[in-house]
Amino acid sequence: MQNNESALVLHSGGQDSTTCLFWALKHFKEVRTLCITYGQRHSQEVEIAQKIARDAGVPFQVLDATVISHLAENSLTHHDMVMDQDKPQDSYPNTFVPGRNLFFLTFASVIARSYGIRNLVTGVSQADYSGYPDCRDTFIRSANVTLNLAMDEQFIIHTPLMWLNKAQTWALADQLGVLEIVKNNTLTCYNGIVAEGCGSCPACKLRNAGLEEYEKNKNKYQA
Ligand code: ZN
């Protein structure tokens, strides 16, 4: 029996999923987080996600899905590969982990089901990103239908950031009253540096440009 008042948040300790965690805390009575590891470059992601969950007072669970990194090569999990700095034309950067969000949503829904949770929250976005196919709204809707059919359940996948660019995601964190937490405690940087990061990897550039834009033009972003 699933209930409407609880949610499971896919949480990596980064800006986006942490903003989603606080979004979920605003919308649901009970919230759990799930941190899935898959051989990413930085193992401290788990500790960072755990600390954020602990500070927010929500249960935290880690799932080891390293098998994902053995299926295909990509620069996030194969540390000897040089990471693409930009999006190649007509393709994805080599940070693309094929199938990642399909695996994540499948694992998350099975775990959610075991707790009687029907709401899943993920920080994917199709604005302002690298164009990964499994971050698009169509994919999420399709996965939602498939998971419901697979388990004869009524999951609802929430994607609060789907149509937000980075500046708007910062604005959301501010509206939720957690701008400083997201700014200071999250890890987005591909080089494993917390908060504003190394400043030069693609993830830092996106994050920092979004923050700069938001802070410069706050009025524009106020709802
Ligand atoms: Zn960086």
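For the reader, a short list of remarks on this structure follows.
- Spin-label zone in the range 164-206 - amide nitrogen under 19 Å from a point set 7 Å from the Cα of ASP137 along the C-beta vector: 164-170, 172
- Sites ALA72 and PHE107 - FRET efficiency at Förster radius 25 Å, r taken between beta-carbons, to 0.05: 0.90
- Summarising the amide proton neighbourhood of GLY13: residues at separation of 5 or more, or on other chains, whose placed amide H is nearer than 5 Å comprise THR18.
- Shape class of the range 99-160 from the Cα gyration tensor (axes a ≥ b ≥ c, square roots of the eigenvalues): prolate, since a/c reaches 1.5 or more and a/b is larger than b/c.
- When each of LYS51/LYS220; LYS51/LYS183; LYS29/LYS220; LYS26/LYS205; LYS29/LYS183; LYS29/LYS166 is checked by Cα-Cα distance, pairs over 22 Å: LYS51/LYS220; LYS29/LYS220; LYS26/LYS205; LYS29/LYS183; LYS29/LYS166
- Zone residues, the range 206-223, relative to LYS26, backbone N less than 20 Å from point 7 Å out along Cα-to-Cβ: 210-223
The numbers here are math on the coordinates, done by the rules we state, and not lab data. Since we're looking at a predicted model, the values are computed, not measured. Note that we place each Cβ from the backbone using ideal geometry, even for glycine, and neighbour counts take in every protein chain shown.
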